[in-house]
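Colleague: What follows is a single structure, and I will ask about it in a moment.
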Amino acid sequence: MSQPLTLEEFEHQGSARMPPDVRDYIGGGAGREQTLAASRAAFDRFALRPRVLVDVRAPDLSVRLLGTSLAAPIGVAPMAFHRLVHPDGEQATARAAGAAGALFVTSIFASQSLEDIAAAASGPLWLQLYWLRRREALADLAQRAEAAGYRALMLTVDAARVARRLRDVRNSFSVPPHIRAVNLDAALPEIAAYGAAGISAIEAHSRDQFDAAVTWRDLEWLTSRTRLPLVLKGVLTAQDALLAAEHGAAAVVVSNHGGRQLDAAVPGLIALPEITDAVAHRIPVLFDGGVRCGADAAKALALGARIVLVGRPVLWGLACAGRDGAAAVLKLLRDELEEVMVLSGRPKLADFGRDAVVEL
Ligand SMILES: Cc1cc2nc3c(=O)[nH]c(=O)nc-3n(C[C@H](O)[C@H](O)[C@H](O)COP(=O)(O)O)c2cc1C
Ligand SMILES: O=C(O)C(=O)c1ccccc1
């Protein structure tokens, strides 16, 4: 097979290597998958406005975020169980992120220990958390993350429980027993324990284990147990972005969870301007959902995102060729963004303001 030249080609080649139920779990969304489709389509509503006769010999993609330097405004979104697609798992993707100068966000449902991932990584790491009913598990993870050199915690707030994902229901999807959320303490039941015909084990597990009662007032409990900055992932309104800043969040991620949570939720790209207008002068705003080329990334940056996170494409690359495949995906996205900067006469990330895009 020829070397993929686009992220879509990585999708074709990577997905072809996955068992059908894993392909569906990764590629799918919630409900009727309206948000999954609309979030991709939203990029087509914007076009880039190139400037000309600018010295673009030295495009600069570097960025600082919460005190960390990144070589490119790109990160790997937190995703559960990388070993579903390759035995080298998160260690391989974390190495790939480091090679690309990108941020890596480890999921609370990682299939390797956060310490082992840190030992393999060569770049900055953050740890993503879901609010579990067993709060002490969160405090324990926060301590371990600090000790292992993680630089921030990212609390995902769009999942009081995992949504009904029809592909997973049809496939009775569960995680195979040899792939486990090894960072969760032994007192918590495995996702595989919830496997049964006609249900998604991930959804069933979350109904039992996630805390659906958490509110803004609880954030203080978490921030008081760690020195790490707390980033909130899954904010889609200016109101909540303001509440996040008021409650001490160090950043927010504008995200609809890749169309995997509230179906019919607003595409992140459409929500981004109101959120950056409300809070970008106080805290950095990150973006994820449907970024599939450098121009997509540029549009999100122009609408106010400091960096973009990319999810599924990294798993497609990992499925294709392990670490090298994931690294190739991130390098391709980085190189495409650099080309956009050169050809649009915007050699600095600061050149990507609202005037860099026009709404069609
Ligand atoms: C297979 C898979 C697993 C995911 N697991 C998590 C997770 O554990 N925690 C989380 O906050 N988000 C999770 N997400 C959502 C991603 O962090 C991200 O929001 C989304 O994938 C971005 O969209 P993209 O895949 O179109 O780039 C997951 C997404 C996928 C595809
Ligand atoms: O699949 C997901 O999107 C996700 O966020 C998740 C939630 C719980 C367990 C595993 C993954």
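Colleague: For the chain, what is the accessible area per residue in Å², given a 1.4 Å probe and the full set of protein chains?
Modeller: Solvent-accessible surface per residue comes out at 40 Å².
Colleague: Give me the three principal axis extents of the range 88-140 from the C-alpha atoms, as integers in angstrom, largest value leading.
Modeller: For the range 88-140, the Cα extents along the three principal axes come out at 36, 18, 13 Å.
Colleague: Give the carbon-plus-sulfur fraction of the accessible surface of the chain in %, rounded to a whole number; probe 1.4 Å, heavy atoms of protein chains only.
Modeller: 51
Colleague: Counting Lys and Arg as +1 and Asp and Glu as -1, what is the net charge of the other residues whose Cβ lies under 12 Å from the Cβ of Val279?
Modeller: After counting each charged neighbour, the total is -2.
Colleague: Further question: Just check the range 195-332 against the gyration tensor rule for me: Cα atoms, a ≥ b ≥ c as the square roots of the eigenvalues, rounded for a/c under 1.5, and otherwise prolate or oblate depending on whether a/b exceeds b/c.
Modeller: Note, shape of the range 195-332 comes out oblate.
Colleague: Using modelled backbone amide H atoms (1.01 Å from N, in-plane), which distant-in-sequence or interchain residues come within less than 5 Å of Val357's amide H?
Modeller: Arg49
Colleague: In whole Å, how far is the Cα centre of the range 34-78 from that of the range 265-329?
Modeller: Computed from Cα coordinates, the inter-centre distance equals 7 Å.
Colleague: Fully extended, how many nm does the chain gain between Ser172 and Leu53 (0.36 nm per residue separation, minus their Cα-Cα distance)?
Modeller: That works out to 37.1 nm of additional length.
Colleague: Counting helices only, and only those DSSP H runs with n ≥ 4, report the 222 nm mean residue ellipticity of the chain as the sum of -39,500 (n - 2.57) divided by its residues, in deg cm²/dmol to the nearest 500.
Modeller: Roughly -11500 deg cm²/dmol at 222 nm, from the helical runs in the chain.
Colleague: Using +1 on the beta carbon of Lys and Arg, -1 on that of Asp and Glu, and nothing else charged, what's the dipole of the chain about the Cα centre, debye to 20?
Modeller: Taking the Cα centre of the chain as origin, the dipole is about 60 debye.
Colleague: Under a 5 Å amide H to amide H cut-off, with H placed in plane at 1.01 Å, what residues pair with Phe210 once short-range neighbours are removed?
Modeller: Arg133
Colleague: Calculate the FRET efficiency for Leu343 and Gln34 from the Cβ-Cβ distance with a Förster distance of 41 Å, rounded to the nearest 0.05.
Modeller: 0.75
Colleague: Would you mind computing, in nm to one decimal, how far apart the modelled labels at Asp185 and Asp277 are, each placed 7 Å from Cα along Cα→Cβ?
Modeller: That separation, rounded to one decimal, is 4.6 nm.
Colleague: Using DSSP to call loops (not H, G, I, E or B), can you name the trypsin sites (Lys or Arg not before Pro) in the range 5-85 whose Cβ has at most 11 other Cβ atoms within 10 angstrom?
Modeller: Arg32, Arg57
Colleague: A further question on this structure: What share of all Cα pairs of the range 52-188, in percent, falls into each consecutive 10 Å distance bin?
Modeller: In order of increasing distance, the bins hold 11, 37, 32, 13, 5, 2, 0 percent.
Colleague: Put one equal scatterer on each alpha carbon of the range 1-65, apply the Debye formula with no solvent term, and list log10 I(q)/I(0) at q = 0.20, 0.21 1/Å to two decimals.
Modeller: Scattering profile of the range 1-65, log10 relative to I(0): -1.02, -1.04.
Colleague: Now for a different question. Averaging over every viewing direction, what projected area does the convex hull of the Cα atoms of the range 245-310 cover, in nm²?
Modeller: That works out to 4.5 nm².
Colleague: In terms of Cα to Cα distance under 19 Å, which aspartates and glutamates are near enough to Lys348, apart from those fewer than 8 places away along the same chain?
Modeller: Answer for Lys348, where 19 Å is the Cα cut-off: Asp55, Asp60, Asp296, Asp335, Glu336, Glu338, Glu339, listed by chain and number.
Colleague: May I ask for the Kirkwood hydrodynamic radius of the chain, worked out over all distinct Cα pairs and given in angstroms to one decimal?
Modeller: 20.3
Colleague: Helix 135-148 against the longest principal axis of the chain: what's the angle in degrees, Cα atoms only, rounded to the nearest 10?
Modeller: 50
Colleague: I need the per residue convex hull volume for the range 96-174, using only the alpha carbons, in cubic angstrom as a whole number.
Modeller: 123
Colleague: Give the long-range amide H neighbours of Ile74: residues separated by 5 or more places, or on another chain, with amide H under 5 Å away, using H modelled in the peptide plane at 1.01 Å from N.
Modeller: Leu103, Val308
The values are calculated or read from the model by the stated rules, or taken from the named source; none is laboratory data. Values in this document were obtained by computation on a predicted structure and should not be read as measured data. Positions of Cβ are backbone-derived with ideal geometry, glycine not excepted, and every protein chain shown enters the neighbour counts. Only protein heavy atoms, including side chains, enter the accessible area calculation; ligands, DNA and RNA are left aside. Shrake-Rupley method; radii C 1.70, N 1.55, O 1.52, S 1.80 Å.
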